[in-house]
Amino acid sequence: MKNSCYLFLVSLLLLLLSCKTSKEMTSVDKLSISGVYPHLAYYNNEGECGTGAVVPWAGSLWVITYGPHLPFGSSDKLYQVTPGLQQIVWDKSIGGTPANRMIHKESNQLFIGPYAIDAEGEVRIISYKMMPGRHTGNARHLTDPTHKIYYGTMEEGFYEVDVNSLEVKELFRDGNVNRKPGEMDQEAALLPGAHGKGLYSGQGVMVYSNNGEATEQAKHKFDVQAGSLSEWDGKEWKLVRRNQFVEVTGPGGIYGNPHPETDPIWATGWDHKSLLLGVRDAVRGWYFYRLPKASHSYDGAHGWNTEWPRIRDIGTEGEPDYLMTMHGMFWSFPGTFTAANSAGVRPRSAYLKVIGDFTRWEDQLVFGCDDSAQKEFLNKRKAKGNIEGPGQSNSNLWFTPVSMLDQLGPATAVGAVWARETVGANEYSEPFLFAGWPYRSSWIKNEGTTPIIVTYEVDKAGNDQWSTLRSIELTAGESTSIDFNPSETGEWVRAKPDKQSTLTLTFAYRSNDTRNTSPDAIFKGLADVRSSSNKGGLLYGLGDNRRALGILANVTSGGKTTETGYYEMREELKLERKEDVATADFIRERFVIPQQVVEIGNGSVLVVDDKNRRWRLPLGDDAYSTLTNKGELRICREVATERDLFNCHGTFYELPAENADGYAKIRPVATHRYRINDYASYRGMLILTGIVPEKGKKNPHIIVSEDGKAAVWAGVIDDLWKLGKPTGKGGPWVETDVKANIPSDPYLIGFYDQRELTLSHTSKDAVTISVEVDPTGNGDWMEYAVYTVQPGQKQRHQFPVSFQARWIRFTSDADTNVTTWLEYK
């Protein structure tokens, strides 16, 4: 009996030791692709599975996910990730749509979603019956911060929670509780705007942000009134500003400000013109500044496209380092930012992932992403055909070195202070960021009826002391551009006219694109566009909790494509052949690549969007024309929530949803020479098909089935920057018969590097050709140059390196045959 007990104890001890060893397995032992660990992916049963919050606490990383509109709970979970990257799913999770997080120092607890977690990792729940709503933020209590905290919801529900007992007191009822028939899900009556995001307290007030509007109009437009920033003093609410706002925080971050009476409160937001940055001073109140946008995929008056932009300290103890995410750009943010000391906001690099939260953990950055939504919401367009979304929503964490923040896309960005607005005499614009780019320009148009003088002023040190930079005269209807030289320095710039007029004034900033035109080695094994043999396949993230990627594989040889079977890939990243006729049939039917969704001509790819607007894009290798027309290459697909990846004629583009103005705000990411059959999101990765396996044998990004008949490339969407800088050729008119005074279609010119224009025509007489550019994509056409082209001659123009505008078009003064040829190198 003693021997039996002894053996039992030894066995139990060995079992416990083995469990501990497994739990503490190092991250080196875990399979990862471009910083994504497939086994850490999370799924739910909802239309979206975003990451609401990521917080290091009690020796682990804690993560919550959310579904799209679930104020009373959902299938989403609370996750604990150990230092050895073991994922622990908390089985009593109650889900919902949470994105709040706060560390309460006095009680030594993390509040994340509806959960309170103590220093030992013990979890308590606040029931949605007690505190309904989509929890979006926490704030320190105004009068009893030691014992209580605030919760705010996306539909303007506000609660006071006792940190010890978790007793809940309702301050303002959530808009979902007494929802009336016919109301939109996001409606709430307390404050202007809808779709709440940020919550913070200090200086005697609690500040709350709405980033959208609950109207049918806001579902389809990006430039209507939406959102609000409001504050509550414990008695009454006050509207601060009627724009779309998201993050509200301060130097204390998720702990709350250490000196709440005097520490600043920061708020980020935007309108259709540019980004907004607000700071609240304890004595003088709110100040607002403007910054340019790198991406427009976050626009949309409904507010759904942003998730949760953040400002968060990613530094080390004693050395704070604040990172701001806003409209597809990583920004360096000064922790000392106030209206009296506003210097130091700087762009770092552009990104494509949709990020809900981020933190520094184990000396890495960890981004919680919103990768793959089963319900694509309003993001529909004919270029995608009738393609299905993934069968089940899923997302993942993305681990990167801290240095990555400066290594992704170029920080080129554009924003306006006035957009066809009536501006009074000597009325100043809001300050616009002026520092951080090697090339800076301004486009301005006087749309009034009288001549004016516009004066630019600069705040050199960020101390609200202004001096004259330069002045420019404009006749009625005149437009012009200004190139600022390197000696014209300052933190912020502003402008004023000497007389009342209607004005459009935009700042366009360009960074150096240090990439060349050669792809990184991680893409080795992708098939060249002219390859005669490669392995492709249609991709589908499976539903029904199968958590696998389905691949209907094919092989192309000698110009003929044939199916080779159905395969699945799971978190181990092994392609396995399956006999599943139903799923294969489903993929074949629902994921067919649509044909004739773009028109390829001699000089461009013509896109006619869902609003019947015409846009022209540059050409790549001629081989893409036939492949595109035959429907052998996927052109458009959502691979990050609520925006599309557009792969057309050898260039990947970021394409905003139509409600964020779609093709008008398209942004080229990189140009390539690959024959990419299909692409999709899976477990936080980007998956591509169109592989030559023997050329990628030693590349860990190339995954091949055991039978050799199926292959994929795996990485992340932000790997695409490594394909090389965007290039292209063509023009809106190539040996085209044109009518006098009728402009060409817009042709994309923004975000390219070395740009050259050649003009010619077939007339016997000289022809005057006007060149206009639209800096914003909003139809703000401004004159760039006028050329008189002699018969039989070619007029050439090299655009200066500082030039930045989004679209270009041409107008001839005579009926003739014209070529407007552009080379982007």
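Please state the charge dipole magnitude for segment 694-825, taken about the Cα centre, from unit charges on C-beta atoms (+1 on K and R, -1 on D and E), reported in debye and rounded to the nearest 20.
Dipole about the Cα centre, nearest 20: 540 debye.
Stretched out fully, how many nm does the piece from residue 428 to residue 756 gain, at 0.36 nm a residue minus the Cα gap?
114.4 nm
Could you please tell me the mean projected area of the C-alpha convex hull for segment 713-814, averaged over all directions and given in square nanometres to one decimal? Don't skip to the end; give the middle numbers.
On the way: hull surface 33.0 nm².
Directional mean of the projected Cα hull area for segment 713-814 stands at 8.2 nm².
Quick one: with all protein chains in place, what share of the accessible area of the chain is carbon or sulfur, to the nearest percent (1.4 Å probe)?
48
Tell me, what is the FRET efficiency for residue 143 and residue 498 to the nearest 0.05, using R0 = 51 angstrom and their Cβ-Cβ distance as r? Before the final figure, lay out the partial values.
Details: r = 50 Å, r/R0 = 0.98.
Given R0 = 51 Å and the Cβ-Cβ separation, E is 0.50.
Measure off 7 Å from each Cα along the Cα-to-Cβ vector at residue 239 and residue 124, then give the distance between these two points in nanometres to one decimal.
With each label point 7 Å from Cα toward Cβ, the separation is 4.0 nm.
Report the relative contact order of segment 178-330, percent, no decimals, based on alpha-carbon pairs under 8 angstrom and at least 6 residues apart.
With pairs under 8 Å counted, the relative contact order is 20 percent.
Could you pull out which residues in segment 48-75 have an amide N less than 17 Å from a spot 7 Å beyond the Cα of residue 362, following the Cα-Cβ vector?
Backbone N within reach: 54-64.
I need the Debye-formula profile for segment 359-427: one equal scatterer per C-alpha, no solvent, reported as log10 I(q)/I(0) at q = 0.21 1/Å, two decimals.
Reported log10 I(q)/I(0), two decimals: -0.97.
What base-10 log of the normalised intensity I(q)/I(0) is obtained for segment 167-302 from the Debye formula, alpha carbons as equal point scatterers, at q = 0.09, 0.18 Å⁻¹?
The Debye formula, applied to the Cα set alone, gives -0.28, -1.04.
Given the DSSP H assignment, sum -39500 (n - 2.57) over each helix run of at least 4 residues in the chain and divide by its residue total; what's the result at 222 nm in deg cm²/dmol, nearest 500?
So the helix-based figure for the chain works out to -1500 deg cm²/dmol.
What Kirkwood hydrodynamic radius, in Å, does segment 727-777 give when the mean of 1/r is taken over all pairs of distinct Cα atoms and then inverted?
One over the average 1/r among Cα pairs gives 13.1 Å for segment 727-777.
Quick one: divide the alpha-carbon radius of gyration of segment 605-711 by 2.2 N^0.38 Å and tell me what you get.
1.18
Using a Debye calculation, one point per C-alpha and no hydration shell, please list log10 I(q)/I(0) for segment 335-457 at q = 0.09, 0.11, 0.23 Å⁻¹ in order.
For the requested q values the scattering log ratios are -0.51, -0.72, -1.35.
With the radius of gyration and the Kirkwood radius both derived from the Cα set of segment 680-750, what is their ratio Rg to Rh?
Values: Rg = 20.2 Å, Rh = 16.1 Å.
Answer for segment 680-750: 1.25.
What is segment 51-187's relative contact order, in percent, from Cα pairs under 8 angstrom and six or more apart in sequence?
Worked out over segment 51-187, it gives 16 percent.
Ordered by residue, what ³J(HN,Hα) values in Hz, to whole numbers, does segment 447-453 give under the Karplus form 6.51 cos²θ - 1.76 cosθ + 1.60, where θ = phi - 60° and Gly and Pro are x?
9, x, 10, 10, x, 9, 10
Leaving out ligands and nucleic acids, note down the accessible area per residue over the chain with a 1.4 angstrom probe, in whole Å².
Using a 1.4 Å probe on heavy atoms only, each residue of the chain averages 37 Å².
Given the Cα-Cα distance of residue 740 and residue 801 and 0.36 nm per residue of separation, how much length would full extension add, in nm?
18.8 nm
If I take R0 = 41 Å and measure r between the Cβ atoms of residue 167 and residue 380 in this structure, what FRET efficiency does the formula 1/(1 + (r/R0)^6) give, to the nearest 0.05?
So the FRET efficiency works out to roughly 0.35.
What is the projected area of the convex hull of the Cα atoms of segment 329-381, averaged over all directions, in nm²?
Mean projected area for segment 329-381: 6.3 nm², to one decimal.
Using every alpha carbon pair in the chain, what percent of pairs falls into each 20 Å bin from 0 up to the bin containing the largest distance?
Histogram of Cα-Cα distances, whole percents per bin: 15, 47, 32, 6, 1, 0.
Please state the relative contact order of the chain as a whole percent: Cα pairs under 8 Å, 6+ residues apart?
Result for the chain is 10 percent.
Rounding to the nearest 20 debye, state how big the charge dipole of the chain is about its Cα centre with +1 on each Lys and Arg Cβ and -1 on each Asp and Glu Cβ.
Working: 90 positive and 103 negative charges, 295 e Å.
Rounded to the nearest 20 debye, it is 1420 debye.
The values are calculated or read from the model by the stated rules, or taken from the named source; none is laboratory data. From a predicted model like this one, the values you see are computed outputs, not experimental measurements. Glycine gets a Cβ as well: all are built from the backbone with ideal geometry, and neighbour counts include every protein chain shown. Heavy atoms of the whole protein, side chains included, go into the accessibility calculation; ligands, DNA and RNA do not. Shrake-Rupley method; radii C 1.70, N 1.55, O 1.52, S 1.80 Å.
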